[in-house]
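Presented below is the structure to which this report refers.
The values are calculated or read from the model by the stated rules, or taken from the named source; none is laboratory data. Treat the numbers as computed from the prediction; the structure is a model and nothing was measured. All Cβ positions, glycine included, derive from the backbone under ideal geometry; neighbour counts span all protein chains shown. Heads up: the accessible areas ignore ligands, DNA and RNA and are worked out on the full protein's heavy atoms, side chains in. Shrake-Rupley method; radii C 1.70, N 1.55, O 1.52, S 1.80 Å.
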Amino acid sequence: MGVDDEIRDAVDRIEKGESRELKIYGDMARLYHFLFGTEYDYSGQADAATEKAPEKVRKIVDGGCGTGGLTVLLAERYPDAEVLGIDLNSTMLEVARDENSSENLKYREEDLLNFKGSADIYTVFGTVNHFDEDEVKGLFRKIFDSLNLGGVVAFDFKSPESEKHQDGYINYWSTETDDFKVENPVMTVYDDGQAYYSFSFCFTEKETGKEFYTGELMEIELYTKEDILNMLTDVGFKQENIEFREEGDQSGIFVARK
């Protein structure tokens with residue numbers, strides 16, 4: 001099914017009043033991949049993960065890989081390494097397998113908190129804020145234990161200190177297919193002090209100008225830089241081996257070396 005067919009299927013469900021049931025990481029997985037698997041530039045994330053990497057990289061884990069946009073880029077940069085993309089969402093992984101294939105790249109449906117294996121590079125972008133504090137600590141501990149000596153972890157996070165998340169706006173994507181204009185505003189919104197990740201689509205039919213909306217709110221936790229730094233050092237990373245970069249779409253990127 002092509003992108004326009006995927007959108008028409010979504011539009012049909014929206015017109016039937018089913019838009020509240022559409023899941024961004026489920027029903028909309030192929031459209032998500034269209035925006036973030038083909039249009040999004042993952043090179044900044046890949047650079048952050050690889051600049052401090054050991055000289056010999058044999059194993060790479062991309063945690064919360066989604067449809068594999070970053071995973072495939074890492075596989076291309078390290079064609080001799082074993083690259084594993086992990087996600088809990090079977091629909092996202094189905095798209096990843098369909099769209100991204102190479103001999104050194106595999107995908108696995110698994111909870112990151114239960115991962116058993118080793119890595120020289122471990123990435124976990126767009127994921128940390130979907131875990132509560134105890135889970136983040138557990139994730140960092142699992143990553144630390146999984147990393148080989150000299151291995152690195154790279155991840156981004158959302159912080160209440162960042163203007164992006166204080167004011168709500170994170171980013172906005174816009175692109176076109178043959179039949180539709182596709183807009184994708186992404187925001188942090190609040191209800192009674194609780195932060196939510198707002199991910200939505202607007203499809204504008206070119207022929208008629210008619211607009212169709214769908215979206216999803218996901219509860220998240222926001223962490224300060226100090227919160228993250230303390231959790232990393234608590235699980236064993238040395239402060240002198242932890243680097244913070246004010247870059248990326250979120251509040252910044254942490255890179256930590258074991």
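State whether region 47-94 is rounded, prolate or oblate according to the following rule on the C-alpha gyration tensor (a ≥ b ≥ c being the square roots of its eigenvalues): a/c under 1.5 gives rounded; otherwise a/b larger than b/c gives prolate, and the remaining case gives oblate.
Verdict is prolate for region 47-94.
Among the trypsin sites (Lys or Arg not before Pro) found in region 81-128, those both in a DSSP coil and sparsely packed, with 11 or fewer other Cβ atoms within 10 Å of their Cβ, are K116.
Computing FRET efficiency as 1/(1 + (r/R0)^6) for K116 and D191, where r is the C-beta to C-beta distance and R0 is 25 Å, gives about 0.10. Split the accessible area of region 55-164 by element, probe 1.4 Å, and carbon with sulfur accounts for 42%.
DSSP finds beta bridges in the chain, and of those with both partners inside it, around 65 percent are antiparallel.
Using the 1.4 Å probe convention, the accessible area of the chain works out to 49 Å² per residue with neighbouring protein chains retained.
Between E135 and S90, the simple label model (points 7 Å from Cα in the Cβ direction) yields a spacing of 2.0 nm. Shown is the FRET efficiency for S174 and L149, computed with R0 = 30 Å from the Cβ-Cβ distance and rounded to the nearest 0.05: 0.10.
Ranking S19, S101 by solvent-accessible area of protein heavy atoms (1.4 Å probe, all protein chains present), from largest to smallest, gives S101, S19.
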